[in-house]
Amino acid sequence: GGNVYFKVKHENDTLFLQIKDEGIGINEAEQSQLFDRFFRAKNVGLREGSGLGLSIVKKCIEVIGGKIDFKSKVNKGTEFFLEIPAKK
């Protein structure tokens, strides 16, 4: 029910993406597992999902030579940062 923000910038042959939500956030103790296959944080409750999405995204980004990172706080939301090689 919250907002999602999306920013894109192209600079020096790199595409920078920033995706931020105002969702439930990810507990700090579980953040190291976020990109693991089938991992679902304990606070997701009955929300649907298999725990594969972020694992697949991370692998795809790495295959093309990019990077993905995030920061998150419980009850404040999560923000993802992606760098993707992109020549003009």
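Just so you know, all these numbers are worked out from the coordinates, no wet-lab data involved. These numbers come from a predicted model, not from an experiment. Virtual Cβ from ideal backbone geometry, glycine too; neighbours counted across all protein chains shown.
Give the residue that is farthest from F35 (Cα to Cα), with candidates limited to residues of region 46-65 that are of a type outside the set (K, R) and more than 13 Å from the chain's Cα centre (by Cα).
L46
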| said: Give me the residue from region 28-53 that is of a type in the set (G, A, S) and either surrounded by 14 or more Cβ atoms within 10 Å (Cβ to Cβ) or in contact (Cβ under 8 Å) with a residue 60 or more places away in the chain (or both) and, out of that set, nearest to K87 (Cα to Cα). | reply: G51
| request: Give the residues of region 1-27 that are closer than 13 Å to F70 by Cα and either without any contact (Cβ under 8 Å) to a residue 40 or more places away in the chain or loosely packed, with under 10 Cβ neighbours inside 10 Å (or both), sorted by residue number. | output: none
| said: I need a count of the residues in region 75-85 that are under 19 Å from D36 (Cα atoms) and either of a type outside the set (F, W, Y) or surrounded by fewer than 12 Cβ atoms within 10 Å (Cβ to Cβ) (or both). | reply: 3
